[in-house]
Amino acid sequence: MGRQLATFSVEGARYGVDVLHVQEALRFQARTPVPVAPPGVAGLVNLRGQVVLAVDLRVKLGLPPLAQGVEPMMVVVKVGSEPVSLLVDEIGDVIDVDDSQFETPPDTLDAALRDVLVGAYKLDGGLLLALDVEAATAA
């Protein structure tokens, strides 16, 4: 059985989210900071009148921030019934994957990364890490 994943990259690693969870992919939007927000919460974004929480995946994954002056892209995903914006380095394509390519997260991955993955797909071009949107957006 196959599925479609919307892909994006963070620090050179490729990630995928089931397209059924993706609302849209956008260029950077201005964010309003949230005082005393937990690490990883990058602020709030106004998307056509809807206030959406922005989560910086670099912080969630324990990675350094983007270079000064480089703006992240946004992948807006549905978590429950609420949209949440994931800040990523680059938006990729929608690709078809097959369940036979799926494996659980390898033990060699950093614990912070393993906590936000449902697994990985072995593809010809390398690993595609399947992101758990609920774990990645949890405070």
* Asked: Can you tell me which residues in region 17-50 are farther than 16 Å from VAL79 by Cβ and not hydrophobic (A, V, I, L, M, F, W, C)?
  -> ARG27, GLN29, ARG31, THR32, PRO33, PRO35, PRO39, GLY43, ASN46, ARG48, GLY49
* Structure fact -> Residue count, region 76-94, condition within 14 Å of LEU131 (Cβ to Cβ) and over 13 Å from the mean Cα position of the chain (by Cα), comes to 0
* Structure fact -> Out of (1) under 16 Å from the mean Cα position of the chain (by Cα); (2) on the phi < 0 side of the Ramachandran plot, the one ARG31 does not meet is (1)
* May I ask you to verify whether ARG14 is among the basic types (Lys, Arg), within 19 Å of ALA138 (Cα to Cα) and within 12 Å of the chain's Cα centre (by Cα)? => no
* Look at VAL51 and say whether it is touching a Pro at 6+ places or on another chain (Cβ under 6 Å) and of a type outside the set (Asp, Glu). => no
* Is there a residue in region 30-41 that is touching a helix residue (DSSP H, G or I) at 6+ places or on another chain (Cβ under 7 Å) and part of a strand (DSSP E or B)? -> no
* Structure fact -> If you go through ASP115, ASP89, ASP124, ASP107, the only one that is modelled with pLDDT under 95 and either among the small types (Gly, Ala, Ser) or surrounded by 12 or more Cβ atoms within 10 Å (Cβ to Cβ) (or both) is ASP115
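Checking the conditions here, which among VAL77, VAL84, VAL55 is touching a His at 6+ places or on another chain (Cβ under 6 Å) and either over 19 Å from ASP115 (Cα atoms) or surrounded by 18 or more Cβ atoms within 10 Å (Cβ to Cβ) (or both)?
VAL77
The values are calculated or read from the model by the stated rules, or taken from the named source; none is laboratory data. Quantities reported herein were computed from a predicted structural model and do not represent experimental measurements. Here the Cβ is made from the backbone with ideal geometry for all residues, glycine too, and neighbour counts use every protein chain on show.
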